[in-house]
1. Take each of the peptides 172-179, 118-125, average the number of other beta-carbon atoms within 10 Å over its residues, and list them starting from the highest.
2. I'd like the FRET efficiency for Leu158 and Tyr85, computed as 1/(1 + (r/R0)^6) with the beta carbon distance as r and R0 of 25 Å, rounded to 0.05.
3. Can you tell me the length gained on complete extension of the stretch Ile147 to Leu49, counting 0.36 nm per residue apart and subtracting the Cα distance?
4. Lysines within cross-link reach of Lys172: Cα-Cα under 16 Å, excluding same-chain residues under 8 positions apart?
5. Separation between the Tyr131 and Thr33 pseudo-spin-labels, each 7 Å from Cα along Cα→Cβ, expressed in nm?
6. Largest first, please: the extent of the C-alpha atoms of the stretch 31-76 along each principal axis, to the nearest Å.
7. Pop out the ³J(HN,Hα) list for the stretch 49-59 in order, Karplus 6.51 cos²θ - 1.76 cosθ + 1.60 with θ = phi - 60°, rounded to Hz; leave Gly and Pro as x.
8. Counting Lys and Arg as +1 and Asp and Glu as -1, what is the net charge of the other residues whose Cβ lies under 15 Å from the Cβ of Leu182?
Amino acid sequence: MSITSFLIYCFIVTFTPGPTNIVILSTAHNFGTKKAMEYAYGATIAFGLLLGISAVLNTVLIAVIPKILSIMQIIGSCYILYLAYQIYKMDVSESAEIQTATFLSGFLMQFVNPKVVLFTMTVIPSFVMPYYAAPAALAVFAVAITIIGFCAFVTWVLFGVVFKEFLKNYQKTVNMVMALFLVYSALMASGVVELIKR
């Protein structure tokens with residue numbers, strides 16, 4: 001398992017602007033740290049729940065359809081490449097829709113956030129399951145990814161306005177670097193590198 005590409009993928013997806021992070025940023029700016037953290041707690045619990053669902057669902061699918069892992073790796077890699085393109089062309093100056101800053105809204109946002117749903121459904125089969133199949137190992141990775149996600153949410157709370165201004169000032173450069181890292185992660189997750197080595 002390439003821990004480096006796994007971590008790069010997790011950090012880029014969780015730390016880059018997306019619906020949840022933008023709402024947290026806006027909430028911290030408009031309603032303060034306490035409300036933003038309440039929203040972040042809800043988002044974190046839902047994020048962990050989605051990762052758990054992904055691990056269970058993919059484990060069942062692999063038992064029923066053994067070739068599903070390869071298919072999920074390809075789907076995951078394609079999604080990572082799509083995400084790299086989206087990050088490359090993203091305009092962070094677009095204002096996020098202000099939502100009610102509550103635990104419940106943070107929780108529910110994750111289930112309708114395509115970035116989070118696709119990430120949680122592809123990260124486990126793409127990076128973890130080709131190397132680890134034991135339920136305990138999958139649980140450890142799900143917890144680790146949830147912690148990374150929570151750290152990302154807290155970062156958006158703490159650096160709210162400053163981080164937003166930095167992204168505005170260096171938007172194209174930051175987006176390009178993040179996109180290149182995601183392309184690297186997609187190549188590692190696809191299994192192409194391992195096929196070339198053979």
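1. Details: 172-179: 16.2, 118-125: 23.9.
The peptides rank, most packed first, as 118-125, 172-179.
2. Numbers: r = 29 Å, r/R0 = 1.16.
Plugging the Cβ-Cβ distance into 1/(1 + (r/R0)^6) gives 0.30.
3. Numbers: separation 98, 0.36 × 98 = 35.28 nm, distance 1.24 nm.
The span from Ile147 to Leu49 would gain 34.0 nm if fully extended.
4. Lys89, Lys164
5. 3.6
6. Projected onto the principal axes, the Cα atoms of the stretch 31-76 cover 48, 18, 7 Å.
7. 4, 5, 5, x, 4, 4, 4, 5, 4, 5, 5
8. Values: positive: Lys89, Lys115; negative: none.
Local charge sum for Leu182: +2.
Every number here is computed from the coordinates shown, using simple stated rules; none is lab data. Predicted model, so just to flag it, every value in this text is computed and none were measured. Positions of Cβ are backbone-derived with ideal geometry, glycine not excepted, and every protein chain shown enters the neighbour counts.
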